[in-house]
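Just dropping this structure here.
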Amino acid sequence: MTTKRLTFVTGNPNKLLETKYILSQGIPIEIDSEDLDIPELQGTTQEIAKAKCRRAAELLGRACITEDTALCYKALNGLPGPYIKHFMKNLGHEGLNNLLVGFQTKEAYALCTFAYSAGPGAEPILFEGCTDGSIVPARGPGTFGWDAIFQPEGFDKTYAEMSKEEKNVISHRFRALDKLKAYLATLP
């Protein structure tokens, strides 16, 4: 089996490590990364993912993947959604919890959308993964975004409290990458 080579457009070293770990399970693949200056877009998670991947493929001149993560609060009809990065930066863990003060439900879901483009001009293909859970007061290391406030359904730990191995078999990112991995395995 030939080793596949792929460029992941990200400036986030934690996402790169998780992606390499998950994709390398089962298929021979080498992943490098590029941190490109792509404007932050607005729209649905699908619209954002396609536009970002399309632009990345144009800038690189080759096949690539991009990733967008959304944290969606059911009480807020899916917000902050794809804008979670900015909410996290400006509000922090406590502020993200405070958004739900006065609401009866703390239910949320984590949504990951990977987009794959075969290269410039190719329409990106989307691979989504979703994990249901709830928003809780921060527990565990606060080193990876909002992981410390998201507790997956059926678990008594937040993502931040889980080991890398435990998180990487139930996370929204794993579920999206599992679909991407299946697709990549069909490519020559």
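The values are calculated or read from the model by the stated rules, or taken from the named source; none is laboratory data. Keep in mind that this is a model prediction, so the values were computed, not measured. Reconstructed Cβ throughout: ideal geometry from the backbone, glycine too, with neighbour counts over all protein chains shown. SASA here: full protein model, heavy atoms, side chains in, ligands and nucleic acids out. Shrake-Rupley method; radii C 1.70, N 1.55, O 1.52, S 1.80 Å.
Between GLU47 and TYR21, what length comes free when the chain is fully extended (0.36 nm per residue of separation minus the Cα-Cα distance, one decimal in nm)?
Fully extending the segment from GLU47 to TYR21 adds 6.7 nm.
From the phi angles alone, apply the Karplus equation (6.51, -1.76, 1.60; θ = phi - 60°) to the stretch 5-16 and give each ³J(HN,Hα) in whole Hz, x where the residue is Gly or Pro.
Here the 3J(HN,Hα) series is 10, 9, 9, 9, 8, 7, x, 9, x, 5, 4, 4 Hz.
Starting from the amide H of GLU34, placed 1.01 Å from N in the peptide plane, find each other amide H under 5 Å away whose residue is 5 or more places distant or on another chain.
The list, which skips near neighbours in sequence, is PHE8, VAL9, THR10.
Hey, another quick one. On a 0 to 90 degree scale, rounded to 10, what angle separates helix 84-98 from the longest Cα axis of the chain?
Helix 84-98 sits roughly 20 degrees off the main axis of the chain.
So what is the calculated 222 nm ellipticity per residue for the chain, using -39500 (n - 2.57) for each DSSP H run with n of 4 or more, over all residues, to the nearest 500 deg cm²/dmol?
Result for the chain: -10000 deg cm²/dmol, rounded to the nearest 500.
Still on this structure, please answer the following. Per residue, how many Å² of accessible area does the chain show with a 1.4 Å probe?
Computed with neighbouring chains in place, this is 50 Å² per residue.
Taking springs between alpha-carbon atoms closer than 10 angstrom, which of GLY95, GLY81, GLY119 fluctuates most in the Gaussian network model of the chain?
GLY95
Near ASP156, within a Cβ-to-Cβ distance under 13 Å, what is the net charge of the other residues, with Lys and Arg +1 and Asp and Glu -1? Mind dumping the intermediate values first?
On the way: positive: ARG139, LYS157; negative: GLU153, GLU161, GLU166.
Computed value for this residue: -1.
Give the carbon-plus-sulfur fraction of the accessible surface of the chain in %, rounded to a whole number; probe 1.4 Å, heavy atoms of protein chains only.
Numbers: 4850 of 9390 Å².
Of the solvent-accessible surface of the chain, carbon and sulfur hold 52 percent.
Next question. Taking a cut-off of 23 Å between Cα atoms, list the lysines near LYS179, but don't count ones fewer than 8 places away on the same chain.
Candidates past the 8-residue exclusion: LYS4, LYS15, LYS20, LYS50, LYS52, LYS164, LYS167.
Show me, for the stretch 141-158, the HN-Hα J-couplings you get by feeding each phi into the Karplus relation (A = 6.51, B = -1.76, C = 1.60, θ = phi - 60°), rounded to Hz, glycine and proline as x.
x, x, 8, 10, x, 9, 3, 6, 10, 10, 10, x, 4, x, 10, 9, 10, 7
Okay, moving on. Compute the helix-to-body angle for 172-186: its Cα long axis versus the longest principal axis of the chain, expressed 0 to 90° and rounded to tens.
Tilt relative to the chain: about 20 degrees.
Still on this structure, please answer the following. Name the residue, out of PRO152, PRO137, PRO39, whose mean-square fluctuation peaks in a Gaussian network model built on the chain with Cα pairs under 10 Å.
PRO39
Once you have the Cα-Cα distance between GLU165 and LEU60, take 0.36 nm times their residue separation minus that, and quote the gain in nm to one decimal.
34.6 nm
Right, next: Considering the convex hull of the alpha carbon atoms of the stretch 4-186, report its projected area averaged over all viewing directions, in nm², one decimal.
10.0
Hey, how many Å between the Cα centroid of the stretch 134-188 and the Cα centroid of the stretch 28-87?
When both Cα centres are located, 17 Å separates them.
Another question about this same structure. To the nearest 0.05, what FRET efficiency results for GLU30 and GLU123 with a Förster distance of 25 Å applied to their C-beta separation?
Efficiency at R0 = 25 Å is approximately 0.50.
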